[in-house]
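This report concerns only the one structure given below.
The values are calculated or read from the model by the stated rules, or taken from the named source; none is laboratory data. This one's a predicted model, so the numbers in the text were calculated from it and none came from an experiment. Note that we place each Cβ from the backbone using ideal geometry, even for glycine, and neighbour counts take in every protein chain shown. Side chains included, ligands, DNA and RNA excluded: accessible areas come from the protein's heavy atoms. Shrake-Rupley method; radii C 1.70, N 1.55, O 1.52, S 1.80 Å.
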Amino acid sequence: GAPPANSYHFEERDYSTWGKKRLNELLDKRETKEAGVVVLHQGQEFTLGLKLEMKKLEGDAWVNIRKGKKMTCFNYELDLAFKGHILGGTDNRWDLEGKFFYEVAVGDDPETRFEFKQRYPFQKAIEASLSEFVTSQFKIFVTELGEKGQPQVKDDFATKVEPRVQKGQYVKYDQGPDGVAALQETAKKY
């Protein structure tokens, strides 16, 4: 017969199609210089002037709603290529090119792996800056995914997405409304 009235309500919504499109918007053809990505090395600040290209994106995003509680779930594997320069001082520029593998699942720290064409003494710092940039973009993605599980207000243009302030090591990279506006401008160009 009919399930008892007090049986637990469970619902799962798949956002994988949206997820692929959104992650491409956030990461493909992005310019790290526009995003203000820098590398610190021995007290000096270098700017990363790289263009990212999404080579492969596999994974899923979904929201589970159980007993009125919402869980945002995702797992992704990304292959990004990057090409450009490290910029330092007034007119120093050094070539930088390589690949970046980024794997992330809900509740886990991202796993990353890099391949560089050129070797630099501050390679680890470059890797950290690129990882933090991609992670900051993922935080925007996760915030938006979380909001998808809510009843949506239909007027999308009025809804400005502002990521919550994150505690932890990425505070420096939190994007306020400016960051998001800049993102949307960037997205319009392509």
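In the set (1) at negative phi; (2) open to solvent by 30 Å² or more (accessible area, probe 1.4 Å); (3) at pLDDT below 95, Glu111 fails one condition alone, (3).
Filtered by the rule that a residue be under 30 Å from Tyr15 (Cβ atoms) and either of a type in the set (Asp, Glu) or in contact (Cβ under 8 Å) with a residue 40 or more places away in the chain (or both), the range 69-99 gives Lys70, Thr72, Phe74, Tyr76, Glu77, Leu78, Asp79, Leu80, Phe82, Lys99. Looking for whichever is more than 19 Å from Pro110 (Cα to Cα) and open to solvent by 40 Å² or more (accessible area, probe 1.4 Å) here; the options are Lys99, Lys83, Lys20, Lys56. Which one fits? Among Lys99, Lys83, Lys20, Lys56, only Lys83 is more than 19 Å from Pro110 (Cα to Cα) and open to solvent by 40 Å² or more (accessible area, probe 1.4 Å). Among the residues of the range 121-140, are any of a type outside the set (A, V, I, L, M), open to solvent by 40 Å² or more (accessible area, probe 1.4 Å), in a strand (DSSP E or B) and closer than 22 Å to Lys29 by Cα? Scanning the range 121-140, I find no residue that is of a type outside the set (A, V, I, L, M), open to solvent by 40 Å² or more (accessible area, probe 1.4 Å), in a strand (DSSP E or B) and closer than 22 Å to Lys29 by Cα, so the answer is no.
Restricting to the range 25-53, name every residue that is on the phi > 0 side of the Ramachandran plot and exposed (fewer than 14 other Cβ atoms within 10 Å of the Cβ). If the condition is that a residue be on the phi > 0 side of the Ramachandran plot and exposed (fewer than 14 other Cβ atoms within 10 Å of the Cβ), then Gly36, Gln42, Gly43 are the ones that fit. Consider the range 61-78 and keep the residues that are farther than 15 Å from Asp108 by Cα and open to solvent by 40 Å² or more (accessible area, probe 1.4 Å). The one that is farthest from the chain's Cα centre (by Cα) is Lys67. Within the range 14-29, residues that are free of Cβ contacts under 8 Å to residues at least 60 places away in the same chain and polar (S, T, N, Q) sit with their Cβ atoms under 8 Å from residues that are outside any loop (DSSP other than H, G, I, E, B) and open to solvent by less than 60 Å² (accessible area, probe 1.4 Å), at 6+ positions apart or across chains, in these pairs: Ser16/Gly59; Ser16/Ala61; Asn24/Met54; Asn24/Leu57.
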